[in-house]
Structures are given as structure tokens and as C-alpha cells.
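The values are calculated or read from the model by the stated rules, or taken from the named source; none is laboratory data. Please read all numbers here as calculations on a predicted model, not as lab measurements. Cβ coordinates were reconstructed from backbone atoms using ideal geometry, including for glycine residues, and neighbour counts include every protein chain displayed. The protein model used for the area step is the full one, side chains on, heavy atoms only, and it has no ligands, DNA or RNA in it. Shrake-Rupley method; radii C 1.70, N 1.55, O 1.52, S 1.80 Å.
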Amino acid sequence: MGECTLKIRNDHRMNAQYVQKILKSHADERHAVVLRRFFKTGPGEYGEGDIFMGITVPTLRKLAKDCGDISVKETLKLLTSPLHEERLFALIVFVSMYRAGDKALKEKIYDTYLAHTRCINNWDLVDVSAEHIVGAHLMGRKRDSLYHLAVSENFWERRIAIMATFHFIKCGDFSDTLRLTRLLLNDGEDLIHKAVGWMLREIGKRDLKCEEQFLKVHAGKMPRVMLRYAIERFPEEKRQRYLAATTNRPTRRKAMRTIKA
């Protein structure tokens, strides 16, 4: 951690420049090295070129809580930063703003979020924000935007689409998660497989019958990682039956005959 760690002053007018100064004082190069490896920032990896400061998530959350009076405009400056922690900080702030905001502010944050998905370009950035902003905003509204995201060439937008449905799942609404899963069954990205499998597992926590009905139809076409994530909580014997049914992917009909309820 930096030799001089600054604290947020309550009497200071909050802006992006001041927040950047605070975050810089919490930077830790040794931890940054670990994060660069963890988030795959090497050549050809999904996080290629991302720059880490080495600030822990609990620290970012605490600092974001202390910056409650920062504006959308100033927060957006942080979201467009090349520094990963500044973008993560901005998304944590936007989530808090959205939860506390009135109708107009919620609309503004939702629109701002979707207009800047290019900045939401790692799985932690997506996962900390998509359900709380996109999912929350679309609850009770038309969800066409999710399907536009789900067919995007940008796989982070596709992850936003499926992760946004976590909000619906928590409200007992599984329909869009299942529809998006069908769209993403043939996705080529491992991080999409993991997100989809995770959301299916979350459905199973709430309605195991629903998850299993879906799996009996679609498991044979699923990427193995997606299936593994979806069935992670199943009893071992049942897990092995599902996995065996997809080994070498015979035909879907032949594969599904080996699975029993």
C-alpha cells in the first residue's frame, strides 16, 4: 500500500480528480502483479492490456460508500478510465446511486451504463453491476435490450445480458435466463459458458425441477464448462450421469436417454 494513504474529507467537494488521488494513495504494486495474472492481462488473454493499481474490493467499497455525493458526470469520468480499479469504483458508485435514486436518476444511470459497455470489460466489472442496474431497471419493463446484448460481437455485452437476469432469478422469474441460455448455447467464449452455467445453477437453487427440465432438453448441446457449472450442486452420482451423457456428444436423443430424474 502507498506510504501515504489519504482519507476522504467530508468537507471536500467530490470529483473524479479527487477520487483518483485517493485511489492512488491506496495502490499496492505487489497486489497489482497478482491481479494482472488473475484477470488475464497478458497478450491474447481476455483482459489484455488492462492496468491494475492493486486495490482490494473491500477497500474500494468502503471508499465508494464515503463518496456518496459524487455526481453521475464525475463518476462517468472514472468509468472511462484506463485503470481497472477506477472503473470498478465507478460501477460500485453507480449501483449505490441507482438503488437510492428517483425514477429520473435510475433512467440516467441505466442509459449511461449501456452507452459505456466498452468500459465494462472484465468479468468482475460485469458481475458487480449488471444485475443491479440493467436487471433491476428492466424488472417490469420490456427486455429487448438484453437480446440485443446477447447477440453482440462484444462478449462482455453478452455476459452483461445473462448476468442481468440474476435480478429476475432472485425475484422468481426464470424465463429470460432460459431464453438467453438457448441463444448462448453455442457461444465460443469460456466466460460466457461459466456465466450461463452459474445462472442455471441459481435457478436450480430456487426451483430444481425447472433447472432439470431444461437440462434434460439442452444438456447434450451444452459446452462442458457450462454444464459443470450448472450441475455443481447436484449429488455426485447425478452429476456423473449428466457428464457421461455429454461425453463425446453422440446425438442429443441418445445422450439424454442416459439421464434419469
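Structure notes:
- Taking only protein heavy atoms and a 1.4 Å probe, the accessible area of the chain is 51% carbon and sulfur.
- Cα shape, the stretch 35-173, gyration tensor, a/c 1.5 rule: oblate
- Accessible surface area normalised per residue over the stretch 21-106 is 52 Å², counting heavy atoms of protein chains with a 1.4 Å rolling probe.
- Shape of the stretch 183-222, Cα gyration tensor, a/c cut at 1.5: oblate
- Full-extension gain in nm, residue 207 to residue 175, via 0.36 nm per residue minus C-alpha separation: 10.3 nm
- Burial ranking of peptide ranges 164-176, 42-54 (average Cβ count within 10 Å, highest at the top): 164-176, 42-54
- Sorted peptide list for 120-127, 195-202, 99-106, criterion being average Cβ within 10 angstrom, highest first: 195-202, 120-127, 99-106
- Around residue 206: net Lys/Arg minus Asp/Glu count, Cβ-Cβ under 13 Å: 0
- Dipole moment magnitude, nearest 20 debye, the chain about Cα centre, only Lys, Arg, Asp, Glu C-beta charged: 1140 debye
- Here the stretch 53-206 is treated with +1 on each Lys and Arg Cβ and -1 on each Asp and Glu Cβ, and its dipole about the Cα centre works out to around 420 debye.
- Charge dipole (Cα centre; +1 on Lys/Arg Cβ, -1 on Asp/Glu Cβ; no other charges) of the stretch 187-247 amounts to roughly 180 debye.
- Separation of alpha-carbon centers, the stretch 172-200 and the stretch 209-232, rounded to whole Å: 10 Å
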